[in-house]
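The values are calculated or read from the model by the stated rules, or taken from the named source; none is laboratory data. For clarity, every value in this text was computed on a predicted model and none was experimentally measured. Don't worry about glycine lacking a Cβ; one is built from the backbone with ideal geometry, like all the others, and counts go over all protein chains shown. The protein model used for the area step is the full one, side chains on, heavy atoms only, and it has no ligands, DNA or RNA in it. Shrake-Rupley method; radii C 1.70, N 1.55, O 1.52, S 1.80 Å.
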Amino acid sequence: MLLVCVLAGCGRGAPEESPQVSGGAAGSEAAASSENYTETGDYAALQQRGKIRLLVPRREYQGLPRSGMPSEGFRALAERFAQEHKLEPVWVVKESLDALIPALLAGEGDLIVNHMTQTPEREARVAFSLPLSNATETLISPVGQAIESIEALAGKKVLVPAGSSYQVSLEQLQAQRPELEFELVAETLSGNPDVLVDSVISGEFDATVLDDTLAQTLKQYREDFKQGVAVSATRPVAWAARPDAKQLLIELNQYLTSHTIYASSIQYIKDDLTGIKERQVLRMITRNNPASYFMWRGELMGFEYDLLKQFAQEQGLRLEVEVAPPGVDPIDWLNEGRGDVVAAAMTVTPERAARVAFTRYYNKVAEQLVTRAERPLLDSTEALVGRTLVIDPQTAYWQRAQQLKAEGTEFELVAQDAATTEILMAVADGTFDATIADSHLVAIEQRFATNLTPGLTFEEKEHAWAVRQSNPELLAAFNAFLNKHYRGLFFNVTYNKYFKNEQRIGKYQGERLTFADSLSPYDDIVKPLGADYHFDWRLIIAQMYQESRFLPDARSHVGASGLLQVMPRTAQELGFSTPFDERTGIEAGVAYLDWTRDRFENYLPLEERLWFALAAYNAGFGHVQDARRLARQKGWNPDVWFGNVERAMLLLAKKEYYRNARFGYVRGAEPVQYVRNIRNRYRGYLAAE
């Protein structure tokens, strides 16, 4: 039986994402394991110790999904298997793909939960589960230089990740066709497919290899490469266990068969809650924006996303996400059956209510006039006289502005085809005079642009979720969920996480050196860590100030904590237990900065790798790679941060750019300012000697 893969690109022969906790994973908080025992027993041994160790490669590549299940979905599948068999899932993280099979055979883990292409060499070493997908590996080269035949491979230089099935395929081809004399370069790489393609586009290599499913996924957001001739037959892709773990494979295969995951790939389904529970998947239609669904430091986040994760968990469902691009009406997708619910901060209007069934409201927001702090406050309609409002004409704000004009208020109204968050940031930097925006969006942007000043507030509007009018069961379940949680502990914590401004304790403290004989109270901890990880300790101190103002109890609105504001899951993946004390928290942050630095190419100058590492620490490696690709397209230097890649990073807050970016929207001004502030403070430390 062939089971269709639930993830775009999961058939690849290269490493995948890190372990994540899915909204449908029944609340599991599985993390990277620091346990180092070895055990080679079968299913009975797992039952006896009550744990199953799930082997995965280190997180290298994690993107905002364009459609389908969130990137942690197949991890949730493994966690659910563990839970159904009353086993605690323990994630064991290895540095690379080629370390997984040796670790499995040595008894360091029980199951490889990474979609591995089945090759004869691997089949001789491990036992594979039922296939979850199929993969055909093809040569990838720049546009206009596609390698359309095996003969055209002669004289080419081809890059592949060491230990991947790609390497095996090309080595077999070299043995079969020695006259081709192409150069195969197998390097220990991150497994990030964009890195492979970028190495080809830069001209360093002539080609690389990707499986066809993954190549199609990359084509959703980049157009600079072409697929060429296949270098392998179509082969199954699956998980792997030790050959002697026969009962474990029986249990796993029964689980995969009984859970009809093929339903997750069906695009148009209009069933009600009963059908949703049968396929065990809830499909959320949303927008990529800082209120509903976005990525921050590798974490999938958003107010709507978190609420629906909780609903899915309570219903025993996995959560899939369909991101509606600009210009697409989410209600159209809903009524076509491309999703089950629209959760995108949607305002209830009579026009929309004629097309869908709305839940009870879960949020009320008021439109606000907004300007820059240095300009006169817009605290009344009279204050608008002589001012300029810049608004997207596709929003309800435009109707509000037209209403004000009809009432006789004299101001200039300028149409701007841009996301509301983009307009708000342009108001903050002085490009635009003023705008109108929902209060919750203003609250989010004020966290990063403190000079935004809200003014007059209009009447509140209701936000609700939308379902098809033919789905009364689902509507009733959502209403029961919202009635249960609205203004309760879970809801309030989630709401405050995204929409309440944090107290800016110490905002202006530390702008100058205040310690007579040291830079911070933590110099003695940082100095040896700097030496161990090959960083100037003063740079770490500058970063620490930027992250926490030297406040050890600092905690961000998304859960990052400690002096270097490390996300708990990141710390766990790096082998640090949480919660951590000051010393451990500092080392976790330095280790993570070291990890991000290692993601970038060795040929980069030392200082550029450092700036890229800091930007990735703040915004995520994927967003930095998106910015580098965009910089190359713009004719800027993708290997230089200041004045080049940082310019591209700013553009990724604009929808005409982030709609085509792998990692979607990013508030580009934040990492740009982050790196600049650290550099400036670091220079100040050096000058103070």
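Once the Cβ-Cβ distance between Lys364 and Glu336 is put in as r, and R0 is 25 Å, what FRET efficiency do you end up with, to the nearest 0.05?
For Lys364 and Glu336, the calculated efficiency is 0.25.
Ranked highest first by the average count of other Cβ atoms within 10 Å around their residues, in what order do 94-104, 561-571, 596-606, 525-535 fall?
Put in order of decreasing packing, that is 561-571, 94-104, 525-535, 596-606.
Using a 1.4 Å probe on the protein chains only, how many percent of the accessible area of segment 586-652 belongs to carbon and sulfur?
Roughly 49 percent, rounded to a whole number.
Kindly sort Lys226, Lys86 by accessible area of their heavy atoms, largest first, with the probe set to 1.4 Å.
My answer, sorted largest first, is Lys86, Lys226.
Just the number, please: carbon plus sulfur as a percent of the accessible area of segment 367-424, 1.4 Å probe, no ligands or DNA/RNA counted.
Exposed carbon and sulfur together represent 46 percent of the surface.
Please compute the net charge surrounding Ala353, taking Lys and Arg as +1 and Asp and Glu as -1 over other residues with Cβ under 14 Å from its Cβ.
Within the 14 Å Cβ shell, the charges total +3.
Under 16 Å Cα to Cα from Lys157, which aspartates and glutamates show up? Leave out anything in the same chain fewer than 8 places away.
Excluding near neighbours in sequence, the set is Glu148, Glu171, Glu179, Glu181, Glu183, Glu187, Asp198, Glu204, Asp206.
Please give the per residue accessible area of segment 581-689, computed with a probe of 1.4 Å over protein heavy atoms only, in Å².
Normalised by residue count, the accessible surface of segment 581-689 is 37 Å².
Return the carbon/sulfur percentage of the accessible area of segment 445-491, one whole number, probe 1.4 Å, all protein chains in place.
54
Would you mind checking Lys219/Lys634; Lys94/Lys226; Lys51/Lys484; Lys86/Lys309; Lys634/Lys654 for any pair whose Cα atoms are more than 26 angstrom apart?
Over 26 Å apart, Cα to Cα: Lys94/Lys226; Lys51/Lys484.
Can you tell me the FRET efficiency between Ala45 and Lys157 if r is taken as the Cβ-Cβ distance and R0 is 51 Å, rounded to the nearest 0.05?
0.60
Rounded, prolate or oblate, given the Cα gyration tensor of segment 545-603, with a/c below 1.5 counting as rounded?
Prolate is the answer for segment 545-603, as a/c is 1.5 or above and a/b outweighs b/c.
Which of rounded, prolate, oblate describes segment 70-214, given a ≥ b ≥ c as roots of the alpha-carbon gyration tensor eigenvalues and a/c under 1.5 marking rounded, otherwise prolate only if a/b is larger than b/c?
In terms of gyration-tensor shape, prolate.
To make sure I understand the rule: partners must be aspartates and glutamates, Cα under 16 Å from the Cα of Lys277, and not fewer than 8 residues away in the same chain. Which ones qualify?
Cross-link targets: Glu314, Glu320, Asp340, Glu473.
Stretch Arg487-Arg355 to full length: gain in nm at 0.36 nm per residue minus the Cα-Cα span?
Once the chain is fully extended between Arg487 and Arg355, it gains 44.7 nm.
With a 1.4 Å probe and all protein chains kept in place, how much accessible area does Asp553 have, in Å² rounded to the nearest 10?
140
Give me the extension gain from Ser518 to Glu179: residue separation times 0.36 nm, minus the current Cα-Cα distance, reported in nm with one decimal.
115.5 nm
Pop the C-beta distance of Glu171 and Gln673 into the FRET formula with R0 = 51 Å and round what comes out to the nearest 0.05.
It comes out at approximately 0.60.
What are the principal axis extents of the Cα atoms in segment 615-687, in Å, biggest first?
42, 22, 17
Using 0.36 nm per residue of separation minus the Cα-Cα distance, give me the extension gain between Gln399 and Lys270 in nm, one decimal.
Gain on extension, Gln399 to Lys270, equals 43.1 nm.
Mind ranking Glu108, Glu123 by accessible surface for me, highest first, 1.4 Å probe?
From most accessible down to least: Glu123, Glu108.
Please compute the modelled spin-label separation between Asp532 and Gln247, points set 7 Å along Cα→Cβ, answer in nm with one decimal.
Label at Gln247, label at Asp532, 4.2 nm between them.
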